[in-house]
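Q: Before I ask anything, let me first share the structure, which is written out below as structure tokens.
The values are calculated or read from the model by the stated rules, or taken from the named source; none is laboratory data. On a predicted model such as this, the values are computed, not experimentally measured, just so you know. No Cβ is skipped: glycine too gets one built from the backbone with ideal geometry, and neighbour counts run over all protein chains shown. These area figures cover heavy atoms from the full protein model, side chains too; ligands, DNA and RNA do not enter into them. Shrake-Rupley method; radii C 1.70, N 1.55, O 1.52, S 1.80 Å.
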Amino acid sequence: CRIITGSDDFSGAALTNPTVPSEYTNAKKSFVKIGRHAILGTNVVVFPGVTIGEGAAVGAGCIVRKDLEPWTIYAGIDCKKIKTRPSDEMKRLEAKLLREKGLRC
């Protein structure tokens, strides 16, 4: 997958190219936050400023332009919500693993 934290403005209101001085560009630069237990499928593209909630699952080929809800499954190029994802079992397994390995989160 690709996590994009900066992108040029393609509207024509500014110049584009990393070699152009910043006062002539309108690049968007921001964070991407990915929550615990989130999973991104093959060829997912995540754009700047997006938060992927804890436990969210994103199907292969999705383009993520907006925040994704926790424990939700998304699919399709336009990243549509298709159903919720159960969290109880994953959290139980995580706690068991941490106990067995003597670790803490």
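Q: Within the stretch 19-37, take every residue that is in contact with a strand residue (DSSP E or B) (Cβ under 9 Å, 6 or more places away or on another chain) and open to solvent by 100 Å² or more (accessible area, probe 1.4 Å) and give me the one that is farthest from ALA95 (Cα to Cα).
A: TYR24
Q: Output the qualifying pairs, or none if there are none: Cβ atoms under 7 angstrom, residues six or more apart or on different chains, first residue in the stretch 87-105 and at pLDDT below 90, second residue assigned to a helix (DSSP H, G or I).
A: Going by the 7 Å Cβ cut-off, the qualifying pairs are ARG104/LEU98; CYS105/LEU98.
Q: Would you check if ALA56 is within 24 Å of SER7 (Cβ to Cβ), open to solvent by less than 50 Å² (accessible area, probe 1.4 Å), in contact with a Pro (Cβ under 9 Å, 6 or more places away or on another chain) and of a type in the set (Gly, Ala, Ser)?
A: yes
Q: Can you find a residue in the stretch 11-32 that is of a type in the set (Val, Ile, Thr), in a loop (DSSP other than H, G, I, E, B) and within 25 Å of SER87 (Cα to Cα)?
A: no
Q: For the stretch 73-105, which residues satisfy the criterion of being of a type in the set (S, T, N, Q) and part of a loop (DSSP other than H, G, I, E, B)? Spell out the reasoning first.
A: We begin by selecting, within the stretch 73-105, every residue of a type in the set (S, T, N, Q); these are 84, 87.
Answer for the stretch 73-105, where residues must be of a type in the set (S, T, N, Q) and part of a loop (DSSP other than H, G, I, E, B): just SER87.
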